[in-house]
1. Looking only at the stretch 612-628, decide whether some residue is over 30 Å from I252 (Cα atoms), open to solvent by 20 Å² or more (accessible area, probe 1.4 Å) and of a type in the set (D, E, K, R).
2. List, please: which pairs have Cβ atoms under 8 Å, are six or more places apart or on different chains, and start with a residue in the stretch 288-299 that is over 12 Å from A58 (Cα atoms) and open to solvent by 10 Å² or more (accessible area, probe 1.4 Å) and end with one that is part of a loop (DSSP other than H, G, I, E, B) and modelled with pLDDT of 95 or more?
3. Where the second residue is of a type outside the set (A, V, I, L, M, F, W, C) and surrounded by 14 or more Cβ atoms within 10 Å (Cβ to Cβ) and the first is more than 11 Å from V631 (Cα to Cα) and at pLDDT 95 or above and lies in the stretch 641-657, which pairs have Cβ atoms under 6 Å and are six or more apart or on separate chains?
4. Test each condition in (1) touching a Cys at 6+ places or on another chain (Cβ under 6 Å); (2) farther than 30 Å from N213 by Cβ for L134 and report the one that comes out false.
5. Just give me the residues in the stretch 348-358 being open to solvent by less than 70 Å² (accessible area, probe 1.4 Å) and in a helix (DSSP H, G or I), in sequence order.
6. When you scan the stretch 320-330, do you find a residue that is out of contact with any helix residue (DSSP H, G or I) (no Cβ under 8 Å at 6 or more places or on another chain), open to solvent by 20 Å² or more (accessible area, probe 1.4 Å) and assigned to a loop (DSSP other than H, G, I, E, B), even just one?
7. Would you check which residues across the stretch 429-464 are open to solvent by 20 Å² or more (accessible area, probe 1.4 Å) and over 28 Å from V406 (Cβ atoms) and list them?
Amino acid sequence: MTHDKLRKLLNEMSLDEKIGQLSIMQMSVFLDGDAVPFGPLIEMNFTQEQMALTGALACNISPEPAAFARVVRKMTAEHPHHIPPLLMRDVIHGFRTIFPLTLGVGCTFDEKYAYDMGRVSGKEAAASGLHLTLGPMMDVARDPRWGRVLETPSESPVLTGAMSAATVRGFRGDGIDKPNSIATCAKHFAAYGLCTAGQEYSPVDVSRTELYNVYLPPFKQAMDAGCDTVMTSFVAVDRVPCVCNGFLQNEIMRKQWGHNIVSMSDYDDVRQLMNQGVADSLRECAKLSIEGGLDLDFLSLAYITQLKGLIVDGEVDIKTVDEACMRVLELKNNLGLFENPVKNDDPVLADKICHAPEHYKASLETALRSCVLLKNDGVLPLKKGVKTALVGSHADEHDILGAWAVDGIRPETETLREAFERDAGITLTDTDNADIIVFATGETKPDTGEAASKAHPELTAEQINELKTLEATGKPIVVLLFCGRPLVLTDVLPHCNALLNVWFPGSAGAEAIRMLVTGEMSPSGHLSMTFPRCVGQIPIHHDRLTSCRPIGSRGTGSRFVNMYIDESSEPLFPFGFGMSYTTFELEDAQLDGSEVAVTVKNTGTEKAETVVQLYGRVRHAAIIRPIRTLVGWKRVSVGAGEAVRVRIPIKRDALELADCENRPVKISGIADIYVGFDSNADTRLEYSLNQ
């Protein structure tokens with residue numbers, strides 16, 4: 001449909017129809033024939049006619065293509081202008097085929113695997129009847145106490161932006177109007193990862209300078225990649241809740257960035273303006289939100305019950321509603337819903353697509369590169385035939401998919417024991433008869449995700465005691481650590497010989513772990529988030545700002561510097577860290593224009609992959625800069641004893657700075673570029689910013 005036809009359609013719509021397009025309701029209400037008002041809807045004098053005009057449905061139950069198609073066709077046919085509803089659902093790190101947690105995908109340091117996750121998920125979700133995923137999440141996260149860090153790719157705005165943009169491209173495929181693709185939603189706009197003390201829904205206090213330099217860039221990068229909608233954050237920026245924050249939605253996103261896309265609230269968030277003391281009634285909630293640039297009200301019922309009265313009484317300009325409605329119509333038009341409102345109604349086809357062998361393979365390839373080896377004194381890989389005891393809470397657990405794996409089928413997911421039993425080279429036995437003990441432990445799914453903030457992000461006392469009991473046998477201990485966040489491992493490392501951080505590895509996770517511990521493939525994940533030594537260091541990240549008194553600036557031994565007196569200032573494991581079964585060296589690093597050329601030499605006996613990383617620091621500028629910023633990376637595979645010459649572009653925009661008004665800060669002179677395998681890289685090159 002052309003823009004002129006869309007405008008004509010808008011002009012023909014009644015006020016009730018327009019408001020209906022701005023409202024999201026639950027799909028479950030519409031599945032059993034005629035949708036009728038219930039509970040609070042009745043108290044609000046909500047009518048069946050209003051429900052029939054609903055513009056979007058949140059699919060709160062597992063998608064059923066045929067059933068969903070019946071709802072879509074019925075609502076479209078009965079709508080006065082035959083406008084189909086938009087079907088949406090959280091598809092975060094997989095649909096039926098689950099990939100590692102997004103934080104784990106970030107550990108691949110390779111956009112290919114983020115794209116693969118989006119592409120597989122998009123195909124499966126579209127085949128199941130969905131139009132839009134409520135993702136990806138691109139909140140830069142530096143506080144592992146916050147349970148939702150698992151949904152973001154990284155603590156680095158540069159890596160987060162690159163991986164999120166790749167995921168968006170994967171979901172969208174060749175276009176969201178195609179039958180095997182769906183639209184995307186950038187969330188949470190903005191600064192949600194800054195929840196005070198890592199506590200879910202806590203207030204956020206962020207300067208404009210930090211906002212422009214750290215928390216907004218990944219959103220712009222995703223939108224530039226084609227992201228179709230944005231979801232606001234539960235928190236406030238400049239003490240204005242994001243759900244009604246016109247500065248973010250209208251000034252930044254639509255005016256400065258030029259992305260006039262649909263903005264939606266998070267679940268029931270419009271109503272939360274009353275909890276925040278910003279509004280004293282649902283009517284005021286609706287007024288503030290629509291005027292702040294919010295288009296879609298997610299289940300608070302504020303728009304559909306209050307907007308008409310606000311317009312009739314002259315408190316809200318009808319033009320504001322028209323602009324919001326037009327954005328929703330344009331999204332539906334881009335999806336091709338006016339011509340074909342149903343993505344798929346064939347459950348047989350959906351099942352075939354969701355069980356495609358190549359999807360499992362893509363999940364496996366990603367899982368193999370997301371696991372990070374944090375310690376190994378030589379016990380890994382397991383030697384063929386060694387008698388192995390597999391113990392711990394996760395040894396026989398099917399649910400290794402993690403939070404937000406909404407449509408993953410747990411019984412279909414292989415356990416570690418099942419994977420190990422398939423390997424003729426592994427001899428499983430009990431702890432008494434074992435030569436080596438593999439301890440599979442860590443967080444459970446309820447420990448992670450939304451509403452799973454922790455004051456103590458660490459293993460439980462019971463788990464530590466279990467580890468110590470195993471250590472007392474005198475046998476080597478390999479810890480397989482399942483988690484959804486960086487954990488404080490200071491009390492774990494002394495009691496084990498090896499530790500492989502596997503996150504929640506997804507549908508192919510057990511097989512990936514088997515391949516890694518047996519040496520079929522060497523671990524090659526690199527941490528996308530810093531691991532702290534203690535809770536007192538949190539938040540800790542590689543790109544913290546330069547101090548006025550860095551360590552060493554006042555002479556050796558001075559305590560009047562940026563340090564703790566009771567703990568090291570260094571993390572337990574730095575950002576970018578990851579071990580292998582082989583060893584690598586870098587040689588002959590040179591600058592060539594805006595690229596770094598360096599030779600990667602495998603000095604060990606195993607073919608393996610690693611990630612070469614570039615970090616930059618602008619020496620002088622008018623505002624304080626990060627100590628180091630990730631400015632480039634490249635995953636490379638090198639044979640045993642071989643050397644590979646690689647070229648890594650420097651992401652110049654990662655070095656650029658903005659002031660509190662989002663004006664460019666002039667940078668010139670020299671930037672130091674550090675080349676290495678983590679954020680402690682020590683090979684330094686001088687890069688001219690004047691080129």
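1. Among the residues of the stretch 612-628, not one is over 30 Å from I252 (Cα atoms), open to solvent by 20 Å² or more (accessible area, probe 1.4 Å) and of a type in the set (D, E, K, R), which makes the answer no.
2. L288/V278; L288/A279; E291/V316
3. Sorted first by the residue in the stretch 641-657, then by its partner, the pairs are E642/N602; A643/T599; A643/K601; R645/T599; V646/K634; R647/E595.
4. Going through the list (1) touching a Cys at 6+ places or on another chain (Cβ under 6 Å); (2) farther than 30 Å from N213 by Cβ, L134 breaks only (2).
5. Matches in the stretch 348-358: A350, I353, C354.
6. Initial filter on the stretch 320-330 (out of contact with any helix residue (DSSP H, G or I) (no Cβ under 8 Å at 6 or more places or on another chain)): 323, 327.
Then drop every residue that is not open to solvent by 20 Å² or more (accessible area, probe 1.4 Å), which leaves 323, 327.
With the extra rule that they be assigned to a loop (DSSP other than H, G, I, E, B), the set shrinks to none.
Among the residues of the stretch 320-330, not one is out of contact with any helix residue (DSSP H, G or I) (no Cβ under 8 Å at 6 or more places or on another chain), open to solvent by 20 Å² or more (accessible area, probe 1.4 Å) and assigned to a loop (DSSP other than H, G, I, E, B), which makes the answer no.
7. Step one: of the stretch 429-464, the residues open to solvent by 20 Å² or more (accessible area, probe 1.4 Å) are 429-433, 435, 444-447, 450-451, 453-456, 458, 460-464.
Within the stretch 429-464, T429, D430, T431, D432, N433, D435, A461, E462, I464 qualify.
Okay, residues lined up against (1) in contact with a Gly (Cβ under 8 Å, 6 or more places away or on another chain); (2) within 24 Å of A56 (Cα to Cα):
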| residue | (1), (2) |
| --- | --- |
| L150 | yes, no |
| E155 | no, no |
| A166 | yes, no |
| A190 | no, yes |
| A197 | no, no |
| P203 | no, no |
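The values are calculated or read from the model by the stated rules, or taken from the named source; none is laboratory data. Everything numeric here is computed off the predicted structure, so don't read it as measured data. Reconstructed Cβ throughout: ideal geometry from the backbone, glycine too, with neighbour counts over all protein chains shown. Surface areas here come from the heavy atoms of the whole protein model, side chains and all, with no ligands, DNA or RNA. Shrake-Rupley method; radii C 1.70, N 1.55, O 1.52, S 1.80 Å.
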